[in-house]
Structures are given as structure tokens and as C-alpha cells.
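Structure first, then comments.
Where a number appears in this text, it was derived from the coordinates with a stated rule and is not lab data. Just so you know, these numbers come straight off a predicted model, no measurement behind them.
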Amino acid sequence: MATRQEPALAKAGVTDRHTALDYAQVLKELSDVHFPGAKSITLVQDNLNTHAKASLYQAFPAAEARRLVERFEWHYTPKHGSWLDLAESELAVLTSQCLDRRIPDKPTLTKEVAAWVRHRNSRHAKADWHFTTETARIKLKHLYPVL
């Protein structure tokens, strides 16, 4: 029987920029550090232009990029879906629990965010999601096919 692993955050993502090369490095870390034995890694992500398979080909030689591309099962969220509410909620929790004070420099910020992530992940923090498929069909009817 296959086991299902909990979602992982690649690292406490405090970076100076968010480029395709940065994104490719995070995917490599997910693949090779966090889930090296996984047959396939389900990746659910937004539609940011750098969040594409092409980013891996920009960052790595073709053979390595292809190896990484094939490790992931790629799923993109709807461009106009309420999944953003969930992400914004998590950022609000980060802000209220971790960033609600003056943080003097980037190394301290990195350390504080990493500690917060470890704490959230160790307690398997969950979102209480109330947006159902039925609600989605009403609010997002323009995205659903007419049967």
C-alpha cells in the first residue's frame, strides 16, 4: 500500500527575488532533499510565469531538467479561484504570529520564518476550508461546463 506524505515547504523562502532560477532550485530541493524516494511528487501551484517546467530548463542542463520535470505531477490552480483566499489566510497567520514586530535584518528574518514554518509543520497546521464544490459551481459558474 502506498503511503501519502504530508505537504512540505521546501525552505523558509526568504529570498531577495523570485526568479525562474530560484523556483527551479526550490523544485530540485523538494525532489532531491525532501522526497528523494518518492515515485512522483504532486505539485499544486499558481500560474505565476516563473512556475513552469521551462524554469527547470533555464536552470539546469537538459538531462537534469527532464529528470526533475518527470518527478512532478503538475497541477495549476484556477486563475480566478478562491484558493488565493487560503494562501492569503496563511500569510496573515505568518504576519500575526511571526512578523508582528520589527525584525532588524534578513538573517534574523530568515531564522524567524524558518522557526515558524517548522512549528506549523510539526503541528500539521490545517486550514478550515469552507469553499465546497457546490459553492464553487455557483460562484464560479463561468468556469464550469454546462452539462
Set K28/K106; K28/K126; K28/K141; K106/K126, cut-off 31 Å on Cα-Cα distance; pairs above it are K28/K141
Here P(r) for region 8-76, Cα-Cα distances in 10 Å bins, as whole percents, is 21, 59, 20, 0
